[in-house]
Structures are given as structure tokens and as C-alpha cells.
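Worksheet: the structure to be examined is printed underneath.
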Amino acid sequence: RTPRSGVVVAVAALVAGTAFAVTPPTAPAPPHRHEPVAGRSPGEPAKRFTLTAGTIHGAWAFNGQVPGPELAVTAGDVLEVTLRNRDIERGVTLHWHGYDVPNDQDGVPGMTQDAVRPGEQFVYRFLADQPGTYWYHTHSASDIGVRRGLYGVLVVRPGPSGTGCDLVAPAASLRQGAGPQAPGDRQPGPSEAAASDRACLDVTVPVHTLDGRLLPNPTTVPAAAGTPVRLRLINTDSTTHRYAVSGAPFRVVAIDGVDLAGPTPLENTALMIPAGGRFDVLATAPAALFVDGRLVHSTGPAASFADSRPAPSTGQDLAKLSAWPVLDPLTYGTTAPAPWSRIDRSLTLVLDRGVDLHGLLPRYAHTVNGAADPDIPAQVVRRDEIVKLTVVNRSLAVHPWHLHGHHVLVLSRNGKPASGSPLWLDSFDVRTGEVWEVAFRADNPGMWANHCHNLPHAEAGMTLHLMYS
Ligand code: C2O
Ligand code: CU
């Protein structure tokens, strides 16, 4: 009900000696690779999973659990997921949120496939070539489906040479507050090599409310001092969540599955994650570390992931955390020149609230360019065009915008050019009065959903389609 719930992620700090992530040497490349899986020989490595959707104690679950099983694969794997529907009458699909799959794997019913009805199945198959943090959810009756529990985590870990915590090095090899390092500047020091021998603690933290109730997160993971920790914070909810990582300096090393360039250490800074968005955080456990998610209450911080010595966050601690300033990703990290110097096409989305006259009594709809789904004309692009998308919010609500099949590069917000690391997003909050300019390369042909990820809004009109001519 409240526009923002908060989540506190507190990482225990028992000693002051801390370590920091090392800057990635180069700006991240655009995350667009869509290699067809079809041509690969049957002997290719494949990771197979089966997800069976069914009702259980009033929830809708995959394999009897909420969230569904975590699908963890390694870059280079072919991911094969068999979706079965036991008894969900509304039908089920799997959409790989943020993962830029070929169009026929995108899981949008009525567009890329039919919804899977009770007793039916559908097999998804694609190459896991985009390391990062993602999630999956049903796109059939998506609002109620996700709220009842049909979602889970998808993690693509880097190839055999990487652990996901590779960027973490002990303090000895990096000065605190040191600026971004020049390419080629980075030599792994002996202490860093030692660190990489240490097991990396790689924790996913999906946060969700179930029908307006906050779900406790049951994770409790102890970590020894010096352990590099990667927290994959995932907002699977329909509204913004606020996170605070306390106790150790940390870096936000990736957003929406794409590495950031030159992320600097942060402390006493909160993270606002839009609906559908993911922030990957790296920290080094300074001493015994516990990640412990718990339900607090629905208006302030929602859960805490706290060290349990001394006792986890009191109400007062949480109040302190919720007063922290919020990181602005548009000014965080190292700027790099835009990968394109031209714009081939400009599209505009004006988000508003209007009256939908389908019935005798008007009902309020969330509108795009003055119309509501299914009456919003599809927007059309040509393959390989560089497309600029301007998103204007004239309504009083926050709209977490989500384009399927593509990551967009943030150009500006409210006329102010993005000045931090190149930001490749698949989910971004457009607040009241804001104007976002983003751009993408039309490199993934098909017909794609383009919608607000506040799912009740999406179902009340705020959904359109992007097509390739
Ligand atoms: Cu995560 Cu169209 O959705
Ligand atoms: Cu919205």
C-alpha cells in the first residue's frame, strides 16, 4: 500500500580493516549478444531444470516453493527449462526478466507463445552468455501470478575462470578512496591472489511482498573474516525498495546484470532498487558475517540482513539507516564515451493516468501517449538502428519502466546527462515529472513487450509493444 517499502541489508563490521573491490579495467561492453542456440551440437553443455507450477496452501509456487528454485548456471551453458503447469487455471509462462533472450524464448503469452495451461508444458532453451543477476516470473496474469509466488532467481555466473567475486581484493592492493584505475593499471597483487583462493560467498537476496504482506527472508549465512561477499539484491516486487548495506564499505559492481565501470566504495548510502531491478554489491566480510533477512514492518525498512552479534537491528538502527542519502547511479562510477555517435530513430512515451471509456462507467487507466493497452499503437524500429526512447512521467505515480529483449543505455534524466558509469538498465524508475532519455541498439528482432513493471499498472493499460519492421 505504501509507495515504498524498505529493505535493510546490514553487513556486519567487527573490525575496521577493510578491503575494496578493484575497478574493472575497462568500461563494460553493451550487453547485447543473442547467439542462436539452435546451431549448437547436442553434446554442448546443458543445464536442465524442470519448474512445475501449482497451487500450494493458497500460494502459486514453482516446485512447491516461493520463491521458486534458484536457477544457477555458468556462462557458456545452454539453459534448458521445462515449464509444467499442474493446476494454475490462469495459465503460466516464464519470462526471463532482464535476460535478453531470443524473442521466441521471452515468455509473453499471446505474443511469443501461448500460455501453458494445466496439464501442458513448454521447453525454454537459450545460451547463457550474459553473466549477471536476473529473475524469472510468469507473464501470464502476471500481477496476480507474481504476487502469489510464481517467480524465482536466475544467476549466470562468469565462466570457469571467474567466481563472481573476482573484483574483490584486500586493502593492501588498493587504497581506500583511490580513483578509478587506468586500463592496464591493474596487477593482481599477492594478497589478491590469496583472496581469490578463499571461497566467495555469493548470496542472492530476492525481496518480495506477497499480497501486500512482507515475506521474511530465511537466509542466514556465516562468513569468515576476509571472505569476499557478493550480495545480489533483487527487487521482485511491484514497487521500489530501499536497501541499506551497513557495517562494511561496499561497491555496487553491477546493475541489472551489467558491470559498472569504476565503482567507488560506499558507506552510509542507501540503494533504491526499482521494481524488477537488481543491484550487485561486493563487500569483504571484516569478521564473522551473517546475512539474515527478517520481516520488520511494512512501512519502514522491510527486512534486515544483519550481523547477529550484537543483536540485529533495533527499530532505532533501522531509523538511522533509513535516513541515509540514496545513491544516484547516474553519477556513480567512471564515465565512458557513448558507444554510438548517432541516433537513427526517436520514440517517445508519455506516461499518464486517464479515463478508459471501454465500459459505460469510466475506469481509470494508466496510459501511454494517451491510450491504454490494447489501444496503444506499437512502436516500430528497424534492425540495427540506434533508437532513442524518451520517457516522460506526467502522472503522480512512479513507473518502473521495463523494455523486454534489450538493455537501454541511460543518456539523461531531466535534461542532465548521465555522468557516471555507462548505465545499461532493463528496469528504471521514472518518477513524477521526470524525463528520461535512454537509447538502445535494435539488435534483437521480434515483438517485445514494453511496459511499466508496477504490474497492476501494466495490467491497467500501461503496456505497449516494440516491433521490428
Ligand atoms: Cu519482469 Cu514484462 O516483465
Ligand atoms: Cu506504472
* Asked: Out of segment 415-440, which residues are more than 20 Å from F279 (Cα to Cα) and away from ligand 2 (no atom under 16 Å from the Cβ)?
  -> G415, K416, P417, E437, A439, F440
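Here's the yes/no breakdown for (1) farther than 15 Å from V438 by Cβ; (2) in contact (Cβ under 8 Å) with a residue 12 or more places away in the chain; (3) surrounded by fewer than 16 Cβ atoms within 10 Å (Cβ to Cβ):
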{"site": "A372", "(1), (2), (3)": "yes, yes, no"}
{"site": "V380", "(1), (2), (3)": "yes, yes, yes"}
{"site": "H407", "(1), (2), (3)": "no, yes, no"}
{"site": "A418", "(1), (2), (3)": "no, yes, no"}
* To do: Answer yes or no as to whether G370 is at pLDDT 95 or above and either within 16 Å of ligand 2 (Cβ to nearest atom) or of a type outside the set (V, I, T) (or both).
  => no
* When residues of segment 71-87 are limited to those that are at pLDDT 95 or above and either polar (S, T, N, Q) or outside any strand (DSSP E or B) (or both), the one nearest to I234 (Cα to Cα) -> T82
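Being assigned to a strand (DSSP E or B) and within 16 Å of ligand 1 (Cβ to nearest atom) is the filter here; which residues of segment 376-388 pass it? So that I can check it myself, show each step before the final result.
The first filter runs over segment 376-388 and keeps only residues assigned to a strand (DSSP E or B), leaving 379-381, 386-388.
Once the filter is applied, which keeps residues that are assigned to a strand (DSSP E or B) and within 16 Å of ligand 1 (Cβ to nearest atom), segment 376-388 yields only Q379.
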* Structure fact -> (1) away from ligand 1 (no atom under 14 Å from the Cβ); (2) surrounded by fewer than 22 Cβ atoms within 10 Å (Cβ to Cβ); (3) among the aliphatic types (A, V, I, L, M) all hold for V438 apart from (2)
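Being in contact (Cβ under 8 Å) with a residue 24 or more places away in the chain and away from ligand 1 (no atom under 12 Å from the Cβ) is the filter here, so list the residues in segment 103-119 that pass it. So that I can check it myself, show each step before the final result.
Narrowing segment 103-119 to residues in contact (Cβ under 8 Å) with a residue 24 or more places away in the chain: 103-104, 106-109, 111-112, 115-119.
Those that are in contact (Cβ under 8 Å) with a residue 24 or more places away in the chain and away from ligand 1 (no atom under 12 Å from the Cβ): N103, D104, A115, V116, R117, P118, G119.
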* To do: Just need a number here: residues in segment 158-180 that are surrounded by fewer than 21 Cβ atoms within 10 Å (Cβ to Cβ), modelled with pLDDT of 65 or more and closer than 20 Å to V281 by Cβ.
  => 1
* Within segment 401-414, is there a residue that is under 27 Å from H241 (Cα atoms), within 13 Å of ligand 2 (Cβ to nearest atom), part of a strand (DSSP E or B) and touching a His at 6+ places or on another chain (Cβ under 8 Å)? -> yes
* **Matching residues in segment 397-424 - criterion: being β-branched (V, I, T) and under 15 Å from the mean Cα position of the chain (by Cα)** => V408
* Any residue in segment 450-468 that's farther than 26 Å from D384 by Cα: show its pairings with residues that are β-branched (V, I, T) and within 12 Å of ligand 1 (Cβ to nearest atom) at Cβ separation under 9 Å, as long as the two are six or more apart or on different chains. => L455/V146; H457/T463
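Scanning for something at pLDDT 50 or above, surrounded by 14 or more Cβ atoms within 10 Å (Cβ to Cβ) and in the same structural domain as H241 (by TED's automatic domain parsing), does segment 291-308 turn up at least one residue? Walk me through how you get there before you give the answer.
Of segment 291-308, the ones at pLDDT 50 or above are none.
No, segment 291-308 has no match at all.
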* Asked: Would you pick out the residues in segment 441-469 that are surrounded by fewer than 21 Cβ atoms within 10 Å (Cβ to Cβ) and in a strand (DSSP E or B)?
  -> R441, M447, H465, M467, Y468
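The values are calculated or read from the model by the stated rules, or taken from the named source; none is laboratory data. Nothing here was measured: the structure is a model prediction, and the numbers come from that model. Here the Cβ is made from the backbone with ideal geometry for all residues, glycine too, and neighbour counts use every protein chain on show.
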